[in-house]
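Report on one structure; see the data block that follows.
Coordinate-derived values only; no laboratory data. Since the model is a prediction, treat every value here as computed from it, not as a measurement. Here the Cβ positions follow ideal geometry from the backbone for every residue, glycine too, while neighbour counts run over all protein chains shown.
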Amino acid sequence: MANKIYAFLGPHTSGKSTMVSQLMSMGIHYIPTVTTRVFDDRYAYKRKLYQTVKNADYKNEKFIVNNTYQAHSYGLRKSDVLNAYQRHKISIAIMQDVAGIKQLTKFINQDLITIFLMIDDQVFVDRMLRAGCSNDEIRYYVETADETGEFEHWRDTDFVVKNTSTARAALEQILAIMGLVTLVPQADFDNLIK
C-alpha cells in the first residue's frame, strides 16, 4: 500500500481543526499549515495546528501549496510534504480552498485523497455564535463563503462527510474512508450486540 495524504477542506466552522486534532491524538501524522494569520483567543486551539510566521519569513519559504484566504497567506512546506509522503503511511493536512488541492494534486496525484466537511447554514451560524462571533463577523464569513464558493467545493473532492451532528459521527466516517476500521469475526460481533 502506498503512503497516502488525506487533505481536509470545508467552510469556516466545518470542523477541519476538530477532526485533524482528534486524528492527531490517535497518532496520525499531521502536515502543519504555515500561515501569516495570527489567531485570537477565540481560536487559540488552532495555534497547535497552524504555524504562524511573519510575512517576510513566509515569503522565504518553499511551498508546494501556497494560497491566500481572507487576506492571509497559507501554505504547506515542500519539505514537510516530502517528509510526510516518504516516512508516514498516512498523513493529514488542512486545505483552505480548492486551489490548494489542485496544487497538491500536481505533486502527489494518485496518493492524495480529499475529504470535504459539509455543514448546513444553521450549523454554520450556530457554531459562529458559540465561538462568540458578532453579527458583523458572521455576515463577513457568509459573504466570503458565497464569493469564494466554499460551500460548493465538495464537487472537487473525493469524499464528503456531513458534519452536522456529533464530532464522533464525523470522525467515524473519516476513519472508515481512511481504512482505519476493522471487521471483527462474526462470533465477536455476536458477543458485542448481546
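Proximity of backbone amide H atoms, modeled 1.01 Å from N, is registered between VAL65 and LEU76 at under 5 Å, excluding neighbours fewer than 5 places apart on the same chain.
The count of lysine pairs in the chain that are at least 8 places apart or cross chains, and whose C-alpha atoms lie under 21 Å apart, stands at 23.
Think of segment 4-179 as a dipole: +1 on every Lys or Arg Cβ, -1 on every Asp or Glu Cβ, centred on the Cα centre; then among LEU9, THR166, GLY27, GLY27 lies furthest on the positive end. Normalised by 2.2 N^0.38 Å, where N is the number of residues, the alpha-carbon radius of gyration of segment 4-179 equals 0.98. Applying 1/(1 + (r/R0)^6) with r as the Cβ-Cβ distance of TYR140 and ASN109 and R0 = 41 angstrom yields a FRET efficiency of 0.75. The value of relative contact order for the chain, using C-alpha pairs under 8 Å at least six residues apart, is 30 percent. Each of HIS88, HIS153 has some number of other Cβ atoms within 10 Å of its Cβ, and from fewest to most they run HIS88, HIS153. Restricting the calculation to alpha carbons of segment 105-194 gives Rg and Dmax of 18.1, 56 angstrom.
Rounded to the nearest 20 Debye, what is the dipole magnitude of the chain about its Cα centre when Lys and Arg each give +1 and Asp and Glu each give -1 at the C-beta?
Details: 23 positive and 22 negative charges, 170 e Å.
Roughly 820 debye, rounded to the nearest 20.
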